[in-house]
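*Asks:* Before I ask anything, here is the structure I am working with.
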Amino acid sequence: MVKYISKRLLYMIVSLLLIITATFFLMRIAPGNPFTSEKKLPPEIEASLNEHYGLDKPWYVQYGDYLGRIVQWDFGPSFKYESRTVNDLINDGFPVSLALGLEAILFAVAVGIVLGVIAALRHNKWQDYTAMIVAVFGISVPSFIMATFLQYLFAIKLGLFPVARWETFSHTVLPALALGATPMAFIARLTRSSMLEVLSNDYIKTAKAKGLSRGAMIMKHTIRNALLPVVSYMGPLAAGIITGSFIIEKIFGIPGLGSHFVLSISNRDYTVIMGVTVFYSILLLVSILLVDIAYGLIDPRIKLAGGKKGE
Amino acid sequence: MKKTKLSLLLVLSLVLSMFLAACSGGKDNADGDKGKTGEDGKKDAAQELRINISTEPFSLHPGLANDSTSGGVIRQIYDGLTRIGKDGKPEMAAAEDVKTSDDLKTYTFKLRDAKWSNGDPVTAEDFVYAWQWAVDPANQSQYAYQLYYVKNGQAINEGNAKADTLGVKAIDDKTLEVTLENPTPYFLELTAFYTYSPVNSKVAKANKDWYKDAGDQYTSNGPFKMVSWEHSSKIVLEKNENYWDAANVKLTKISMDMINDGNTELNMFKNGELDWAGSPLGKLPIDVLPQLKSDGSLHTQPIAGVYWYKFNTEKPPLNNANIRKALAYAINRKAIVENVTLGGQIPAMAAVPPSMIEENEKGYFKDNDVAKAKEFLAAGLKDLGLSDASKLPTITLSYNTDEGHQKIAQAIQDMWKKELGINVKLENEEWKVYITKLHSGDYQIGRMGWLGDFNDPINFLELFRDKKGGNNDTNWENPKFKQLLTDSQTESDPAKRLQMLKDAEAIFIDEMPVAPIYFYTNSWVQNEKLKDVVVSGLGDVQFKWAHFE
């Protein structure tokens, strides 16, 4: 186990280095820089800004400096927000995105699994159809339409929740629903199909034949096995949702990390692009690792070291 | 089996009816909302204003700010030597009096007894400190060039002189003497601009990070003071009891949300969560403008800004003035503002907005003058030795990726094809890629907008003074035009000076290095109980005098 994890950590560092390198160079190839605007700066001011931020140095020096700073977890100042460092942006934005993401995941997992299980147990009955229609809507309606719709219905028409902003719990409900709708639908469908598969297995028949109660059979033998695909979906989902969704954050005016991730690119806010990318990558790599470990815990048949070779 | 079908039908019809209900609800809602905002006003007699400023400001240090969001906050919390008054003219603010020397190069300001929000007195030294700080290259101010009018400003900023040689001196605590590089007829407009704001030197010298957060350190001398700043989320201002003119400040609190979505902003307004939606600090979605206009809630005000198409005058066939004029005359601007932009914009047949030169509402030529355009085209083709417009190579029209710009470009492409038979190809790029190409001259026709920083026609003309001037982009230059601008600088008679600028503009329009399309407007909806918000001709908003009825 220790050997496996340390090997995986090594891979993670290599992947991270590749990501940093690719981002760094793609970013510099893109025309324009943080100071480009319709009101062009006098050349002398631009030169002094470049000097101040080290943008006048050769690329390999900048690249080396940058790697050095990442190791110390110092991503530098933001170009777009003079009073803020990239670390500030992450420290302020991430907890917000995390809270919103967790709320959305909680909703997605709870409702998704329940819907999926009901659909599978009532296969081809009206409960199944209802659940799957809800799921189809969840998957096919894009989050920005869902968000606008929720905002319109629950905030403007019914006045149950505020339209936007991030202050109290009631502010978080609509964005969490909008963000969680698609994964919820996906989880419902995933649960349903793997439940159906598991239910048709011989050991379920054996369990039934042994006279096991329906409840025990479902809880012990079915759901546990049926949730494996859901768990593997959780890793990337968690990373994706927790770092924040640009669209949901924009529509609901939430000060999360997702908007920085997208806007930094059009702003050419070099340090923010790099900082948020590195942060996001680490989150993604770690969550994938956690999922792999969780696999081993849920299903003892999967040997971690062996599983790796198969990949 | 029958039963399952039945239940399926039931579910489907349920879902459908839910959606239909939501859709049909849209129409009667508009009326309901009006009632809502109306009622809301009563509750707000508390004199608390809620607005949206869209994004986190770049910086709330007056010397570093360089964008409209930062400016929108700083204008409420700082007081310059002058302030743009309700009539759009500069009036005395932190200074109570000013004397100008005969050579128009020295201004002596007498400061009034005023205090910073922490109780410190506002002194002449605070201005000296702030201006020197902003031009000091070590402080990386991107707007340092706003201070180039002050003697040695540019030299200091370029590292060729020491910061203390700047032409600003504290004669005593209440007397400030400013020496200019050249006579600058609009200098009192400039002193109202935020780069010229004072900074509490006592606080700033003690803590260089004083401006990065709200708190004891953040001191200001304006009508309001900042009490909290949740980054990327919200800024809260409260009335500054130490302000010299506090008796005329009625609002007790302004909360500024940072919501970067026009639809959400409007929804919040309709829901009574905001008192103002739209320009100048927020934005309204274009597609709702006609409806807001028809129900009478839309406010529209022209601002000093122009949307134009720049011609690269070194790329054939656009190096020919007749061709450029043919293209400019053939545009039907009225059709564009009425059918595409929808915000009550004003067709532009001049370079300087009507708020600065009134006659420019009519402009120098007739909108959509196809007959004249055809004459110019014929003359242009003759110059080029071509028999027919179809022999002209396809011209590329570029714009930055945006639905609004795209619609305008498509309309104009169509007009040029239909009226002149000229083939035009459209090309769009992401904003910074586009700007880089435009600044480096890698384009034929490109769209651009320009907003004035202060209320003077020079703002729009000086762009084209030098071929390689930073924002010219057209590669156009004209010695007579240049001379007129230079002469206007030293002309002390305002009427004569204005005439010089008009003459320069006439030359510009005659050579047509850009085709003006329309003058910008600000459009917004507001709580109708809110009065005396001043939106200047430059599109800046001030809440100093605002109040709820």
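*Asks:* Would a scan of the stretch B:276-288 turn up a residue that is of a type in the set (S, T, N, Q), touching a residue at least 24 places away in the same chain (Cβ under 8 Å) and not in a loop (DSSP other than H, G, I, E, B)? Before you say what the answer is, go through the steps one by one.
*Replies:* Filtering the stretch B:276-288 down to residues of a type in the set (S, T, N, Q) leaves B:279.
Still in the list and also touching a residue at least 24 places away in the same chain (Cβ under 8 Å): B:279.
Now restrict to residues that are not in a loop (DSSP other than H, G, I, E, B): none.
Within the stretch B:276-288 (the criterion being of a type in the set (S, T, N, Q), touching a residue at least 24 places away in the same chain (Cβ under 8 Å) and not in a loop (DSSP other than H, G, I, E, B)), the answer is no, since none of the residues qualifies.
One line per residue, one yes/no per condition, for (1) surrounded by 16 or more Cβ atoms within 10 Å (Cβ to Cβ); (2) touching a His at 6+ places or on another chain (Cβ under 8 Å):
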site	(1), (2)
A:Y4	yes, no
A:K7	no, no
A:L10	no, no
A:S15	no, no
A:I45	yes, no
A:G64	no, no
A:S78	yes, no
A:D92	yes, yes
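Residue-by-condition table, conditions (1) farther than 30 Å from B:L342 by Cβ; (2) among the polar types (S, T, N, Q); (3) surrounded by fewer than 24 Cβ atoms within 10 Å (Cβ to Cβ):
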| site | (1), (2), (3) |
| --- | --- |
| B:K202 | yes, no, yes |
| B:D209 | yes, no, yes |
| B:P223 | yes, no, no |
| B:N271 | no, yes, yes |
| B:W276 | no, no, no |
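*Asks:* In addition: Would you mind finding the one in A:L9, A:L26, A:L100, A:L89 that is farther than 25 Å from A:W166 by Cβ and either part of a loop (DSSP other than H, G, I, E, B) or within 14 Å of chain B (Cβ to nearest Cβ) (or both)?
*Replies:* After applying the criteria, what remains is A:L26.
*Asks:* Identify, by number, the condition in (1) more than 14 Å from chain A (Cβ to nearest Cβ); (2) under 23 Å from the mean Cα position of the chain (by Cα); (3) in a helix (DSSP H, G or I); (4) not basic (K, R) that B:I254 doesn't meet.
*Replies:* So B:I254 meets the others, but not (3).
*Asks:* Report yes if A:G32 is at the interface with chain B (Cβ under 9 Å from one of its Cβ atoms), among the small types (G, A, S) and either surrounded by fewer than 14 Cβ atoms within 10 Å (Cβ to Cβ) or closer than 17 Å to A:T271 by Cβ (or both), otherwise no.
*Replies:* For A:G32, the condition - at the interface with chain B (Cβ under 9 Å from one of its Cβ atoms), among the small types (G, A, S) and either surrounded by fewer than 14 Cβ atoms within 10 Å (Cβ to Cβ) or closer than 17 Å to A:T271 by Cβ (or both) - is met.
*Asks:* Continuing with the same structure: If a residue must be farther than 21 Å from B:Y145 by Cα and of a type in the set (G, A, S), how many such residues does the stretch B:43-90 contain?
*Replies:* 5
Each row is one residue, and each column tells you yes or no for (1) within 14 Å of chain A (Cβ to nearest Cβ); (2) part of a helix (DSSP H, G or I); (3) hydrophobic (A, V, I, L, M, F, W, C).
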site	(1), (2), (3)
B:I156	yes, yes, yes
B:P185	no, no, no
B:E189	no, yes, no
B:K208	yes, no, no
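*Asks:* Is it the case that A:I139 is in contact (Cβ under 8 Å) with a residue 40 or more places away in the chain and either within 21 Å of A:I248 (Cβ to Cβ) or not in a helix (DSSP H, G or I) (or both)?
*Replies:* It is true that A:I139 is in contact (Cβ under 8 Å) with a residue 40 or more places away in the chain and either within 21 Å of A:I248 (Cβ to Cβ) or not in a helix (DSSP H, G or I) (or both).
*Asks:* Scan the stretch A:146-170 residue by residue and report those that are away from chain B (no Cβ under 11 Å) and either over 27 Å from B:E230 (Cα atoms) or surrounded by 19 or more Cβ atoms within 10 Å (Cβ to Cβ) (or both).
*Replies:* The answer is A:M146, and nothing else.
*Asks:* Within the stretch A:153-165, can one find any residue that is assigned to a helix (DSSP H, G or I), modelled with pLDDT of 90 or more and within 17 Å of A:L100 (Cβ to Cβ)?
*Replies:* Yes, because at least one residue in the stretch A:153-165 is assigned to a helix (DSSP H, G or I), modelled with pLDDT of 90 or more and within 17 Å of A:L100 (Cβ to Cβ).
*Asks:* Would you mention how many residues in the stretch B:403-438 are in contact (Cβ under 8 Å) with a residue 12 or more places away in the chain and among the basic types (K, R)?
*Replies:* Matching residues across the stretch B:403-438 total 3.
Quick grid of which residues meet (1) farther than 21 Å from B:Y243 by Cα; (2) of a type in the set (G, A, S); (3) part of a loop (DSSP other than H, G, I, E, B); (4) within 14 Å of another protein chain (Cβ to nearest Cβ):
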position	(1), (2), (3), (4)
B:T108	yes, no, no, no
B:N118	no, no, yes, no
B:E125	no, no, no, no
B:V128	no, no, no, no
B:Q142	yes, no, yes, yes
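*Asks:* Which condition breaks for B:L266 when tested against (1) farther than 13 Å from B:Q526 by Cα; (2) modelled with pLDDT of 95 or more; (3) part of a helix (DSSP H, G or I)?
*Replies:* (1)
*Asks:* Looking at (1) assigned to a loop (DSSP other than H, G, I, E, B); (2) buried (at least 22 other Cβ atoms within 10 Å of the Cβ), which one does B:E314 not meet, given that it meets all the others?
*Replies:* If we test B:E314 against (1) assigned to a loop (DSSP other than H, G, I, E, B); (2) buried (at least 22 other Cβ atoms within 10 Å of the Cβ), just (2) comes out false.
*Asks:* Considering (1) touching a helix residue (DSSP H, G or I) at 6+ places or on another chain (Cβ under 6 Å); (2) in contact (Cβ under 8 Å) with a residue 60 or more places away in the chain; (3) outside any loop (DSSP other than H, G, I, E, B), say which one B:Q132 fails and leave the rest.
*Replies:* Condition not satisfied by B:Q132: (2).
*Asks:* Looking at the stretch B:301-315, can you tell me whether even one residue there is of a type in the set (V, I, T), touching a Pro at 6+ places or on another chain (Cβ under 6 Å) and over 30 Å from A:P162 (Cα atoms)?
*Replies:* yes
*Asks:* Between A:D74, A:D65, A:D56, which is away from chain B (no Cβ under 14 Å) and either modelled with pLDDT of 95 or more or assigned to a loop (DSSP other than H, G, I, E, B) (or both)?
*Replies:* Going through A:D74, A:D65, A:D56 in turn, just one is away from chain B (no Cβ under 14 Å) and either modelled with pLDDT of 95 or more or assigned to a loop (DSSP other than H, G, I, E, B) (or both): A:D74.
*Asks:* Going by the structure shown, is A:I273 assigned to a helix (DSSP H, G or I) and over 28 Å from A:L55 (Cβ atoms)?
*Replies:* Judged against the criteria, A:I273 is not a match.
*Asks:* A follow-up question, please. Please go through the stretch B:234-244 and give me each residue that is without any contact (Cβ under 8 Å) to a residue 60 or more places away in the chain and out of contact with any helix residue (DSSP H, G or I) (no Cβ under 8 Å at 6 or more places or on another chain), ordered by number.
*Replies:* Residues satisfying the conditions are B:K234, B:V236, B:E238, B:E241.
*Asks:* Going residue by residue through the stretch A:200-219, is there one that turns out to be closer than 30 Å to A:I247 by Cα, away from chain B (no Cβ under 14 Å) and in a helix (DSSP H, G or I)? Step through it out loud before you land on a result.
*Replies:* Within the stretch A:200-219, the subset closer than 30 Å to A:I247 by Cα is none.
No, because not a single residue in the stretch A:200-219 is closer than 30 Å to A:I247 by Cα, away from chain B (no Cβ under 14 Å) and in a helix (DSSP H, G or I).
*Asks:* Still on this model: Out of the stretch B:115-140, which residues are farther than 14 Å from B:S197 by Cα, among the small types (G, A, S) and out of contact with any strand residue (DSSP E or B) (no Cβ under 7 Å at 6 or more places or on another chain)?
*Replies:* B:G119, B:A138
*Asks:* Let me ask something else. Take the conditions out of contact with any His (no Cβ under 6 Å at 6 or more places or on another chain) and closer than 26 Å to B:M226 by Cβ and apply them to B:A138. Does it pass?
*Replies:* yes
*Asks:* Run B:R112 past the list (1) surrounded by 22 or more Cβ atoms within 10 Å (Cβ to Cβ); (2) in contact (Cβ under 8 Å) with a residue 40 or more places away in the chain and report the number of the one that doesn't hold.
*Replies:* (1)
*Asks:* Any residue in the stretch B:50-57 that is within 21 Å of A:A164 (Cα to Cα), assigned to a helix (DSSP H, G or I) and modelled with pLDDT under 95?
*Replies:* No: zero hits.
*Asks:* Let me ask something else. Inspect the stretch B:82-98 for any residue being closer than 30 Å to B:D275 by Cβ, within 14 Å of chain A (Cβ to nearest Cβ), outside any helix (DSSP H, G or I) and free of Cβ contacts under 8 Å to residues at least 12 places away in the same chain and give the result as yes or no.
*Replies:* Looking through the stretch B:82-98, none of the residues is closer than 30 Å to B:D275 by Cβ, within 14 Å of chain A (Cβ to nearest Cβ), outside any helix (DSSP H, G or I) and free of Cβ contacts under 8 Å to residues at least 12 places away in the same chain.
*Asks:* If the requirement is being touching a His at 6+ places or on another chain (Cβ under 9 Å), within 14 Å of another protein chain (Cβ to nearest Cβ) and touching a residue at least 40 places away in the same chain (Cβ under 8 Å), which of these qualifies: A:I254, A:I247?
*Replies:* A:I254
The values are calculated or read from the model by the stated rules, or taken from the named source; none is laboratory data. This one's a predicted model, so the numbers in the text were calculated from it and none came from an experiment. Glycine gets a Cβ as well: all are built from the backbone with ideal geometry, and neighbour counts include every protein chain shown.
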